[in-house]
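Engineer: I have a structure I would like to understand better, so I am pasting it below and will then ask my questions one at a time.
The values are calculated or read from the model by the stated rules, or taken from the named source; none is laboratory data. Predicted model only: the values in this text are computed from it and were never measured. Cβ placement follows ideal geometry from the backbone for every residue including glycine, while neighbour counts extend to all protein chains displayed.
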Amino acid sequence: MPTQAPTASHHEQEPAFHLRPAQLHDVPVLEALITRSGIGLSVGFYTDEQAAAVTRYVFGVDTQLITDQTYFIIEDAGQAVACGGWSKRRTLFGGDRAKSDPDPLLDPAHEAARIRAFFVDPGMARRGLGSQLMQHCMEQASLNGFSALELVATLPGEPLYLAYGFAIIERFELDLPGGVLVPVTRMRKNLREEQTFTQ
């Protein structure tokens, strides 16, 4: 479903929220947004220690997705307020610092595309930005021949994915430096259940 943008004045001709592919020069802005989101939206789901650990050691930009043009930014008046993407590669989660090996391509005929690294600025939460990203990524993955999606969700993100019909496959914990355990959830969705996509 499309995101409902805030009410605009009559002289505005474009929606307030603009989605575009991320570029490599956006990385510093994306990293700052991811840090704000990782800390700010974890309140009530993770302890301060867990939020700091997952933000430091797991969250971050995966530049392969930017190179593949499958990672996106949503801007509000030119300011990045959300980011997220999908992937045709094997990695399920984590930024560049969590990867050390090549990231092979998935086979759309037999494997699920990935939903990757959705983050919303805490000041823009509950404005439909996650839904806008999800709809766009589902459409793009389907157009690229994938019939299913998988992801690893943090607890703050789980409600969005449940609302979009993702089923829980397993719950497990990331064992991060300092002995910090962070609960996460692996989830899957069959795109064939979607009757139509907004073009």
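Engineer: For residues that are among the charged types (D, E, K, R) and not in a strand (DSSP E or B), scanning just the stretch 67-89, find the one that is farthest from His110 (Cα to Cα).
Structural biologist: Residue satisfying both the conditions and the ranking: Asp68.
Engineer: Tell me which residues, restricted to the stretch 35-76, are at positive phi and under 17 Å from the mean Cα position of the chain (by Cα).
Structural biologist: Let us first name the residues in the stretch 35-76 that are at positive phi, namely 44, 60, 69.
Selection gives Gly60, Gln69.
Engineer: May I ask you to say which residue of Thr35, Thr47, Thr67 is under 17 Å from Cys137 (Cβ atoms), of a type in the set (Ser, Thr, Tyr) and surrounded by fewer than 18 Cβ atoms within 10 Å (Cβ to Cβ)? Step through it out loud before you land on a result.
Structural biologist: Working: Thr35 fails: under 17 Å from Cys137 (Cβ atoms); Thr47 fails: under 17 Å from Cys137 (Cβ atoms).
Result: Thr67 is the single residue among Thr35, Thr47, Thr67 that is under 17 Å from Cys137 (Cβ atoms), of a type in the set (Ser, Thr, Tyr) and surrounded by fewer than 18 Cβ atoms within 10 Å (Cβ to Cβ).
Engineer: Right, here's the next one. Here are the criteria: (1) in contact with a helix residue (DSSP H, G or I) (Cβ under 8 Å, 6 or more places away or on another chain); (2) in a loop (DSSP other than H, G, I, E, B). Tell me which single one Ser100 does not satisfy.
Structural biologist: Among (1) in contact with a helix residue (DSSP H, G or I) (Cβ under 8 Å, 6 or more places away or on another chain); (2) in a loop (DSSP other than H, G, I, E, B), the lone unmet condition for Ser100 is (1).
Engineer: So which residues in the stretch 126-159 are within 20 Å of Ala80 (Cα to Cα) and among the aliphatic types (A, V, I, L, M)?
Structural biologist: Result: Leu129, Leu133, Met134.
Engineer: Residues to consider are Gly123, Gly165; find the one that is assigned to a helix (DSSP H, G or I), surrounded by fewer than 22 Cβ atoms within 10 Å (Cβ to Cβ) and touching a Lys or Arg at 6+ places or on another chain (Cβ under 9 Å).
Structural biologist: On the way: Gly165 fails: assigned to a helix (DSSP H, G or I).
Checking each option against the conditions leaves just Gly123.
Engineer: Does any residue in the stretch 94-109 that is closer than 13 Å to Asp62 by Cα come within less than 9 Å, Cβ to Cβ, of a residue that is part of a helix (DSSP H, G or I) and not β-branched (Val, Ile, Thr) six or more places away or on a different chain, and which pairs are these?
Structural biologist: Qualifying pairs under 9 Å: Gly94/Tyr57; Gly95/Glu31; Asp96/Gln64; Arg97/Tyr57; Ala98/Tyr57; Lys99/Gln64; Asp103/Gln64.
Engineer: Okay, moving on. Can you name the condition, by its number, that Ser142 falls short on among (1) under 16 Å from the mean Cα position of the chain (by Cα); (2) under 19 Å from Asp68 (Cβ atoms); (3) in a helix (DSSP H, G or I)?
Structural biologist: So the condition that Ser142 fails would be (1).
Engineer: If you don't mind, there's one more thing I want to ask. Regarding the stretch 35-47, can at least one residue be identified that is in contact with a Phe, Trp or Tyr (Cβ under 7 Å, 6 or more places away or on another chain), modelled with pLDDT of 95 or more and closer than 24 Å to Glu158 by Cβ?
Structural biologist: Checked the stretch 35-47: at least one residue is in contact with a Phe, Trp or Tyr (Cβ under 7 Å, 6 or more places away or on another chain), modelled with pLDDT of 95 or more and closer than 24 Å to Glu158 by Cβ.
Engineer: Looking at (1) surrounded by fewer than 18 Cβ atoms within 10 Å (Cβ to Cβ); (2) touching a residue at least 60 places away in the same chain (Cβ under 8 Å); (3) in a helix (DSSP H, G or I), which one does Arg192 not meet, given that it meets all the others?
Structural biologist: (2)
Engineer: Shifting gears a bit: State all residues of the stretch 143-161 that are surrounded by fewer than 19 Cβ atoms within 10 Å (Cβ to Cβ) and small (Gly, Ala, Ser); if no residue qualifies, say none.
Structural biologist: Those that are surrounded by fewer than 19 Cβ atoms within 10 Å (Cβ to Cβ) and small (Gly, Ala, Ser): Gly145, Ser147, Ala148.
Engineer: Looking at Gly128 and the list (1) over 20 Å from Thr63 (Cα atoms); (2) loosely packed, with under 15 Cβ neighbours inside 10 Å, which single condition is not satisfied?
Structural biologist: Of (1) over 20 Å from Thr63 (Cα atoms); (2) loosely packed, with under 15 Cβ neighbours inside 10 Å, only one is false for Gly128: (2).
Engineer: Let me ask something additional. Identify the single condition in (1) assigned to a loop (DSSP other than H, G, I, E, B); (2) touching a strand residue (DSSP E or B) at 6+ places or on another chain (Cβ under 8 Å); (3) loosely packed, with under 15 Cβ neighbours inside 10 Å that Glu170 does not satisfy, given that it satisfies every other one.
Structural biologist: Tallying (1) assigned to a loop (DSSP other than H, G, I, E, B); (2) touching a strand residue (DSSP E or B) at 6+ places or on another chain (Cβ under 8 Å); (3) loosely packed, with under 15 Cβ neighbours inside 10 Å, Glu170 fails exactly one: (1).
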